[in-house]
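Some notes on the structure that comes next.
The values are calculated or read from the model by the stated rules, or taken from the named source; none is laboratory data. Source: prediction; values computed, not measured. Here the Cβ positions follow ideal geometry from the backbone for every residue, glycine too, while neighbour counts run over all protein chains shown. Surface areas here come from the heavy atoms of the whole protein model, side chains and all, with no ligands, DNA or RNA. Shrake-Rupley method; radii C 1.70, N 1.55, O 1.52, S 1.80 Å.
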Amino acid sequence: MSQISQILVDGESYILPPVSNQHFKSAAVLKTPNKGDWYIYYSLWDFKVGKWKPIKFYTKQLNNSDALKLPIKKRILTGEAILSACNADLSNGIDPKTAKAIAPFSKVTLKDVLEDAADESKVPRLDEAIETFLATKTDTLGGKTGAENKENTAVTYKYFFKAFKDYCVRSKIDNYKVNKYTKQDVFNFMQEYLNAGIWGASTYNSNLGFIKSFFNFFAKRYDFTHYIGNIEDVEVTEETDKFEPFNEVDVKRVFDFLSAEQVIEYPHYRRTLPPNNLIRIIAKTIFYSFLRPSEIRRIKVKHIKRYKQGYFDLSVDITKNKKVASRFKELYIDPILVEEYSNLGWDELISKKECQEYYVFTKDLIPSLDKSSNYQFGKKFSRELDKLDKQASKSDTIFADAKYSLYSLKHSGNIQAYKAGWTIAQLQLQNRHSSEEQTENYLRELKQEINQQPRPPRAAI
């Protein structure tokens, strides 16, 4: 039987020993010092903590006045007899010191419990398995994981397994036990979402890790083999490869549209809507600061204290690239953004201690403890582009015909900054990239133009 690292018995979770059917580490030993009491030593597995617990067993038979009067050889023989009885108890799953079962189960032996766990009838079907796995994962998120990231991870797990369940329902395999799903079942599910463009390569690989973890969890618990771990990651391309950059004319067109009132014509009347200030501010923040949408939604009052001096102070829990987060804590804020932010009422919140944890880029741009959803910015921006397409003239770009999104603004902002004179090094710092190659990918449309630029003369050596 393969090793099972954890098991659920009567609603309680237990950690199992390295050798799955062994309650004790090794045979008990008797220590016989010339002075002092004699003890029997052994180690038992602590099923809750998950480590060996040393036991020091004192017995009167070896240390009372009668025992001390015995010749040393007879005392040793008595000790060996007691030791033999101790080892017999250990082999039978009994703690000699307490005379109780070592394993905290209703059955005395761990072997019986493991056999029950491996029983086919115990293997859960998909609904129960997902519920159990999500509960276990939510409980174990901790350590260096902050409360906010813990919540985000739990939500990510939940949405992912909802997608898997929906796929299984459509494929009429939702009533399977978890040990009956094949590598092909999971591969088809993953490919469906990848090919439909719902997931990019990075999301695909992250979700593949989720589902491998799910099947590994139950394979260990119920002792079955699966081949889902053989599904390979897909190659990850830079996010800039997925999106078209806006040209400067189109950027201005988008910004003007987001800044203007919108008039909706009905058969018998017209309706005037105010500008979408949230999406306008988000769009400009991405274009001028290169922050990602997922990072913007995490910005709090405590991060914007120096915005009038032209900086945000970023923390590790904001930055997407955790490997470089500790090196790039200061984000430059363009004067254009400083002017925009000055009208949002931030100044009165910055000095209030009770407001430091408020999210800034929230609904209606009113700072609060409620964070914007993962998809609020991107979907709303796409809807604004759809509206803009309906007003387009024949010479205008039709955004629905190309790969335009909020990330297009990040791409476009890098190009505009480079043309304005920013160096590659400055762009790398602002993007918080770990290499210049990542940054140069934003400038791929300019490679021919850059190559045609005159080279400064070099001094002879």
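Would you confirm, using the coordinates I've provided, whether F210 is open to solvent by less than 60 Å² (accessible area, probe 1.4 Å), over 30 Å from D95 (Cβ atoms) and modelled with pLDDT of 75 or more?
yes
Exactly one condition in (1) surrounded by 10 or more Cβ atoms within 10 Å (Cβ to Cβ); (2) more than 31 Å from the chain's Cα centre (by Cα) is false for A425; which is it?
(2)
Does the range 303-316 contain at least one residue that is within 28 Å of L388 (Cβ to Cβ), of a type in the set (D, E, K, R) and open to solvent by 30 Å² or more (accessible area, probe 1.4 Å)?
No, because not a single residue in the range 303-316 is within 28 Å of L388 (Cβ to Cβ), of a type in the set (D, E, K, R) and open to solvent by 30 Å² or more (accessible area, probe 1.4 Å).
Does I415 satisfy the condition of being hydrophobic (A, V, I, L, M, F, W, C) and open to solvent by 40 Å² or more (accessible area, probe 1.4 Å)?
no
What pairs can you find where one residue is in the range 253-276 and in contact (Cβ under 8 Å) with a residue 60 or more places away in the chain, the other is assigned to a strand (DSSP E or B) and open to solvent by less than 90 Å² (accessible area, probe 1.4 Å), and their Cβ atoms are less than 6 Å apart, with a gap of 6+ or different chains?
What qualifies is Q262/L273.
Scan the range 227-234 and give yes if some residue there is open to solvent by less than 40 Å² (accessible area, probe 1.4 Å) and of a type in the set (S, T, N, Q), otherwise no.
The answer is no; no qualifying residue exists.
Would it be correct to say that I82 is outside any strand (DSSP E or B), open to solvent by 30 Å² or more (accessible area, probe 1.4 Å) and modelled with pLDDT of 90 or more? Lay out the reasoning, then the answer.
Numbers: outside any strand (DSSP E or B): yes; open to solvent by 30 Å² or more (accessible area, probe 1.4 Å): no; modelled with pLDDT of 90 or more: yes.
Answer is no for this residue.
Quick one: count up the residues across the range 152-181 that are β-branched (V, I, T) and either crowded, with 18+ Cβ neighbours inside 10 Å or modelled with pLDDT under 90 (or both).
So the answer is 4.
Read through the list (1) farther than 21 Å from H226 by Cβ; (2) of a type in the set (S, T, N, Q); (3) open to solvent by less than 60 Å² (accessible area, probe 1.4 Å), then give the number of the only condition that S202 fails.
With respect to (1) farther than 21 Å from H226 by Cβ; (2) of a type in the set (S, T, N, Q); (3) open to solvent by less than 60 Å² (accessible area, probe 1.4 Å), S202 is out only on (3).
Could you identify the single residue in L44, L8, L16, L30 that is under 29 Å from T132 (Cα atoms) and at pLDDT 90 or above?
L44
With the requirement that a residue be surrounded by 20 or more Cβ atoms within 10 Å (Cβ to Cβ) and touching a residue at least 60 places away in the same chain (Cβ under 8 Å), what does the range 434-444 give you?
Listed by number, the list holds a single entry, Y442.
Condition check ((1) modelled with pLDDT of 85 or more; (2) within 22 Å of E357 (Cβ to Cβ); (3) touching a Ser or Thr at 6+ places or on another chain (Cβ under 9 Å)) across all residues:
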| site | (1), (2), (3) |
| --- | --- |
| E244 | no, no, yes |
| E248 | yes, no, yes |
| F255 | yes, no, no |
| L258 | yes, no, no |
| V263 | no, no, yes |
| I296 | yes, yes, yes |
| Y307 | yes, yes, yes |
| Y311 | yes, yes, no |
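For the range 258-276, check the following and say yes or no: at least one residue is open to solvent by less than 10 Å² (accessible area, probe 1.4 Å) and of a type in the set (D, E).
The answer is no; no qualifying residue exists.
Collect the residues in the range 55-65 that are out of contact with any strand residue (DSSP E or B) (no Cβ under 9 Å at 6 or more places or on another chain) and surrounded by 11 or more Cβ atoms within 10 Å (Cβ to Cβ), keeping them in residue-number order.
Answer for the range 55-65, where residues must be out of contact with any strand residue (DSSP E or B) (no Cβ under 9 Å at 6 or more places or on another chain) and surrounded by 11 or more Cβ atoms within 10 Å (Cβ to Cβ): just Q61.
Filtering the range 392-412 down to residues that are farther than 12 Å from D250 by Cβ and over 33 Å from the mean Cα position of the chain (by Cα), which residue is most open to solvent (accessible area, probe 1.4 Å)?
K394
Could you list, in sequence order, the residues of the range 378-403 that are modelled with pLDDT under 85 and of a type in the set (F, W, Y)?
Across the range 378-403, the qualifying residue is only F399.
Report, ordered by the first and then the second residue, all pairs with beta carbons closer than 6 Å, sequence separation of six or more or different chains, a first member in the range 345-359 that is within 19 Å of I281 (Cβ to Cβ), and a second member that is open to solvent by 70 Å² or more (accessible area, probe 1.4 Å).
Listed pairs, sorted by first residue: I350/K305.
What's the total number of residues in the range 349-369 that are within 13 Å of R298 (Cβ to Cβ) and among the charged types (D, E, K, R)?
1
Restricting attention to the range 347-361, does a residue exist that is at pLDDT below 90 and either under 23 Å from F255 (Cα atoms) or among the aliphatic types (A, V, I, L, M) (or both)?
no
Residues in the range 219-229: is at least one out of contact with any Ser or Thr (no Cβ under 7 Å at 6 or more places or on another chain), basic (K, R) and within 30 Å of Q416 (Cβ to Cβ)?
No - not one qualifying residue is present in the range 219-229.
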